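Colleague: Input: one structure, supplied below.
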Amino acid sequence: MKLYRHELSGHAHRVELFLSLLGLDHELVDVDLVNGEHKQEAFRALNPFGQVPVIDDDGTIVSDSNAILVYLAKKYGTATWLPEDAEGAARVTRWLSIAAGPVAFGPATARLITIFGAPLDAERAKTIAYGLFDVMEQELATRDWLAGSTVTIADIAGYSYIAHAPEGDVSLEPYPQIRAWLKRIEGLEGFVPMKATKVALAA
């Protein structure tokens, strides 16, 4: 299996992390985003949207990080990663939507601004991030994992950008439950970290 990625992409890292947690052999193929490789015809043949990550699983091409997590869970994982029952599947899907919404527009966007100089609204991104973290802190006070009593792809989808939120000047210090949740993920067998980009601006 090939994973087309950029080492500083949290979207790509969540896939790399899940591949490692599943113990699946894979080849990392770095895509040169700085020089626009992701916008070239060859890469757009894999993903017309011109975005990482993409996996090539023996000819099956899947793009979008959350879609890839679902694919890997269904094909290679146990049902604990993505429950089969309606209620369990809904709980996980809720957090996949949150990963594509408040996580992306909050901590991920704040990090884009500080690390890559993206011309976006930093204060709005921080407001979204802290609003998300306030809810997560309350929910994680009642359980260890986002979608229930066991780790699921909901946790994997949320981990990367939340763990690296301080790189976007978004502090995790007021959120002990979130920090404990991050530690639980980091303690899983097969965990691999995402490359840090700089000294965190906030604790």
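The values are calculated or read from the model by the stated rules, or taken from the named source; none is laboratory data. Remember, it's a predicted structure, so these values are computed and weren't measured experimentally. Glycine gets a Cβ as well: all are built from the backbone with ideal geometry, and neighbour counts include every protein chain shown. These area figures cover heavy atoms from the full protein model, side chains too; ligands, DNA and RNA do not enter into them. Shrake-Rupley method; radii C 1.70, N 1.55, O 1.52, S 1.80 Å.
Colleague: Identify all residues within the stretch 101-157 that are aliphatic (A, V, I, L, M), part of a helix (DSSP H, G or I) and out of contact with any Phe, Trp or Tyr (no Cβ under 8 Å at 6 or more places or on another chain); write none if there are none.
Modeller: Our first condition is that a residue be aliphatic (A, V, I, L, M); within the stretch 101-157, this holds for 103-104, 108, 110, 112-113, 115, 118, 120, 122, 125, 128-129, 132, 135-136, 140-141, 146-147, 151, 153-154, 156-157.
Retained after the next criterion (residues that are part of a helix (DSSP H, G or I)): 103-104, 108, 110, 112-113, 115, 122, 125, 128-129, 132, 135-136, 140, 153-154, 156-157.
A110, L112, I113, I115, A122, A129, L132, V135, listed by residue number.
Colleague: Using the structure shown, decide if L3 is in contact with a His (Cβ under 6 Å, 6 or more places away or on another chain) and open to solvent by less than 20 Å² (accessible area, probe 1.4 Å). If you could, list the steps in order and put the result at the bottom.
Modeller: On the way: in contact with a His (Cβ under 6 Å, 6 or more places away or on another chain): yes; open to solvent by less than 20 Å² (accessible area, probe 1.4 Å): yes.
It is true that L3 is in contact with a His (Cβ under 6 Å, 6 or more places away or on another chain) and open to solvent by less than 20 Å² (accessible area, probe 1.4 Å).
Colleague: Scan the stretch 158-190 for residues that are assigned to a helix (DSSP H, G or I) and among the small types (G, A, S) and report the count. Before you say what the answer is, go through the steps one by one.
Modeller: Residues of the stretch 158-190 that are assigned to a helix (DSSP H, G or I), as a first pass: 158-163, 165-168, 176-186.
Keeping just the survivors that are among the small types (G, A, S) gives 158, 160, 163, 165, 168, 180.
Total meeting the criteria: 6.
Colleague: What are the pairs with Cβ atoms under 6 angstrom where one residue, in the stretch 121-150, is more than 13 Å from A165 (Cβ to Cβ) and free of Cβ contacts under 8 Å to residues at least 60 places away in the same chain and the other, located anywhere, is open to solvent by 40 Å² or more (accessible area, probe 1.4 Å) and among the aliphatic types (A, V, I, L, M)? Sequence gap at least six, or different chains.
Modeller: From residues that are more than 13 Å from A165 (Cβ to Cβ) and free of Cβ contacts under 8 Å to residues at least 60 places away in the same chain, there are no pairs.
Colleague: Only residues that are surrounded by fewer than 16 Cβ atoms within 10 Å (Cβ to Cβ) and either among the basic types (K, R) or modelled with pLDDT under 95 (or both): list them for the stretch 92-118, please.
Modeller: R94, I115, F116, G117, A118
Colleague: Scan the stretch 9-42 for residues that are surrounded by fewer than 21 Cβ atoms within 10 Å (Cβ to Cβ) and among the basic types (K, R) and jot them down.
Modeller: K39
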